[in-house]
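For reference, the structure discussed in these notes is given below.
The values are calculated or read from the model by the stated rules, or taken from the named source; none is laboratory data. Keep in mind that this is a model prediction, so the values were computed, not measured. With ideal geometry, Cβ positions are generated from the backbone for all residues, glycine too; neighbour counts draw on all protein chains shown. Surface areas here come from the heavy atoms of the whole protein model, side chains and all, with no ligands, DNA or RNA. Shrake-Rupley method; radii C 1.70, N 1.55, O 1.52, S 1.80 Å.
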Amino acid sequence: MSRRGDIEKAAEEYETLLEHIQSAPSEESKAKILIGYASVEIGKGQFSKALLALDKSIAGFEKILSQEPHKILPNILAARLSRSIALASLGQPKMAIDNCDAALALLAKYPDCEEICYIDEVSLNIAKRDLFEAIGDNENAKKALRTAQSVAEKMPSIPEAFKGTL
């Protein structure tokens, strides 16, 4: 619904889901509902609400990360990226950078998940570049961009045309 532009209807649906979240079949389901809700709140410009939902989502995913890291880690990284967007939108670029770094540090703990998380790693580094540029730290912005480019070069499935756009 939010992709079609009906953000208010999407918010209503997620609020209904949140009322029943305790009956969700798994911690993973609860965390995914919270990510969806946070995305809608970001779309509405409600960044504080989005942050609360993302924090709960990340905590839920972290509870089950060790059980299925290949399945759960991409979700945590996506939630962390959304969290950085919300933090930046609230005027907290340094916290957003720290959040990206926390996500990348978590990825480093699971090197066997690297291949399935290439896109997330590139996205987090591009976000860091943008955040560093926003605070006028061009040196670290260039480093983040070089890291994103390096990761993209290792990605077996990324189209060649995209590699040149970084």
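Consider the stretch 83-103. How many of its residues are open to solvent by 40 Å² or more (accessible area, probe 1.4 Å), of a type outside the set (A, V, I, L, M, F, W, C) and assigned to a helix (DSSP H, G or I)?
Residues in the stretch 83-103 being open to solvent by 40 Å² or more (accessible area, probe 1.4 Å), of a type outside the set (A, V, I, L, M, F, W, C) and assigned to a helix (DSSP H, G or I): 5 in total.
With the requirement that a residue be open to solvent by 40 Å² or more (accessible area, probe 1.4 Å) and of a type in the set (Ser, Thr, Tyr), what does the stretch 31-69 give you?
Ser39, Ser48, Ser66
Among helices (runs of 4 or more DSSP H) lying entirely in the stretch 1-82, which contain 2 or more residues that are modelled with pLDDT of 70 or more and closer than 19 Å to Cys117 by Cα?
Filter on the stretch 1-82 gives 27-44, 47-64.
Take the stretch 127-155 and flag every residue that is in contact (Cβ under 8 Å) with a residue 24 or more places away in the chain, open to solvent by 30 Å² or more (accessible area, probe 1.4 Å) and more than 18 Å from Gly91 (Cβ to Cβ).
The one that is in contact (Cβ under 8 Å) with a residue 24 or more places away in the chain, open to solvent by 30 Å² or more (accessible area, probe 1.4 Å) and more than 18 Å from Gly91 (Cβ to Cβ): Lys154.
Could you tell me which numbered condition Glu114 fails, if it satisfies all but one of (1) loosely packed, with under 14 Cβ neighbours inside 10 Å; (2) farther than 29 Å from Val40 by Cβ?
Glu114 satisfies every listed condition except (1).
Can you spot a residue in the stretch 86-101 that is without any contact (Cβ under 8 Å) to a residue 24 or more places away in the chain and under 11 Å from the mean Cα position of the chain (by Cα)?
Yes, some residue in the stretch 86-101 is without any contact (Cβ under 8 Å) to a residue 24 or more places away in the chain and under 11 Å from the mean Cα position of the chain (by Cα).
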